[in-house]
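Asker: My structure is below; once you've seen it, I'll send some questions.
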Amino acid sequence: MMRYPRKSVSLAVLLLLIAGTASGLLWLQAAYLPGAPPQLGQPLPSLTLTDGEETQVGFERFLGRKLLAVFVDPECGFCRAQYQVLREFHQEASAYSLAVVVVVRQDPGAPVAADQADSTLPFPVWIDAHGQLRRKLGTSRVPALFLLDEDGILRTRQVGYQALDDIVAFVRHLDRPQSVRASNETVTP
């Protein structure tokens, strides 16, 4: 019987453990972590959400129309303040031929998020179960506003509470090229 030096056996076992652990971590990353968030000039990732009536919905339904997607969290005070601004913006949105969707994160066992988003919003309220889409977009802060052009391409994103004038300025850039303040991320079509 051939004997292997104890050091060689220990080293081989250690290498196998490292390789197995690395493989396992790569599998977990692929299974649970989202890919790179979309950059400006790219479409949003495809993900089906539900509306308040449990109907499957997606951003594809707005192709051919500009879309402002506003991501909120039911427990966020700034988000509740943003609702009032969105109500005021309702008249402005039609002037820009702009659709607006409010996307609310909802965790399992939580009350229905569409109810928490305030039923007086004049826009559709969609449910982002577990915040999946928000993670795919690479944003953890809310409110977060994403502006898509008619082709579903991400043109601008803004994070944090926005006053009415800020939202109007945010939307206008699709109608004409402009230089943008440092606080915005924008790409001109």
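Asker: Suppose each label sits 7 Å from its Cα in the direction of the beta carbon; what would the Gln84-Leu14 distance come out to in nanometres?
Answerer: According to this spin-label approximation, the distance is 6.3 nm.
Asker: Taking θ = phi - 60°, what integer Hz values does the Karplus form 6.51 cos²θ - 1.76 cosθ + 1.60 yield along region 47-54, in sequence order, with x for Gly and Pro?
Answerer: With the stated coefficients, region 47-54 comes to 7, 8, 10, 10, 9, x, 9, 6 Hz.
Asker: Heavy atoms of the protein only, probe of 1.4 Å, neighbouring chains included. What is the accessible area of Arg135 in Å², nearest 10?
Answerer: 120 Å²
Asker: Given a Förster distance of 30 Å, report the FRET efficiency between Thr48 and Val168 from their Cβ-Cβ distance, rounded to the nearest 0.05.
Answerer: Using R0 = 30 Å, I get an efficiency of 0.45.
Asker: Want the number for Leu40 to Ser97: 0.36 nm per residue separation, take away the alpha-carbon distance, what's left?
Answerer: Value of the extension gain: 18.4 nm.
The values are calculated or read from the model by the stated rules, or taken from the named source; none is laboratory data. Please read all numbers here as calculations on a predicted model, not as lab measurements. Cβ: placed from backbone, ideal geometry, glycine included. Neighbour counts: every protein chain shown. Areas reflect the complete protein model, heavy atoms only, side chains present, ligands, DNA and RNA absent. Shrake-Rupley method; radii C 1.70, N 1.55, O 1.52, S 1.80 Å.
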